[in-house]
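Below is one structure, written out as structure tokens; comments come after it.
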Amino acid sequence: MRRLFPWLFLLACAGSQAAVPQPPPVIGKSWVIGDLSSNQVLAAAKSDERVEPASLTKLMNRVPWCSPRLRDRKLTLEQQPRVSERAWHAPGSRMFIQPGRPVSVDELIRGMVVQSGNDACIALAEGDCRRRRGLSRR
């Protein structure tokens, strides 16, 4: 009986660690799963690959970017930032703005939120940079 206990103990320990479930497949070009409390990356695939931002990312950028600027009146919905060639040629989903055509901040925000327009995001960001440097037209 004394010889049987060590074998049963080893068998019990080996059996408890044998079945580790595999994570489900992730459909995406690249992804990262992390533990925010420890800042540890738990799993990742192609995490250094450059990809266009997802629609949810654009929506989440709208709140911290636009809301304080509108509240502090540093940005008005009527302002018309200049649309650059870079914004016009943005890859991915777009609202199809064109350089030289007047487009308001309100329209750009709608294009960013409703159409997930990369061109609208770039035009808003570039307009904000020019405004802060004193180059934006009102």
How would C121, C66 rank on accessible area, largest to smallest, probe 1.4 Å? C121, C66
With no solvent and one equal point scatterer placed on each C-alpha of segment 85-125, evaluate the Debye formula and give log10 I(q)/I(0) for q = 0.32 Å⁻¹, two decimals. -1.18
Under a crude label model (7 Å from the Cα following the beta-carbon direction), how far is K46 from R82 in nanometres? 3.6
Expected unfolding gain across R69-K29 under the 0.36 nm per residue rule, minus the alpha-carbon gap, is 11.1 nm
Exposure of E107 as accessible area (Å², to 10), given a probe of 1.4 Å and all protein chains: 80
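The values are calculated or read from the model by the stated rules, or taken from the named source; none is laboratory data. Computed from a predicted structure; not experimentally measured. Quick reminder, even Gly has a Cβ in these numbers, built from the backbone with ideal geometry, and neighbours come from all protein chains shown. With ligands, DNA and RNA removed, areas are computed over all heavy atoms of the protein, side chains included. Shrake-Rupley method; radii C 1.70, N 1.55, O 1.52, S 1.80 Å.
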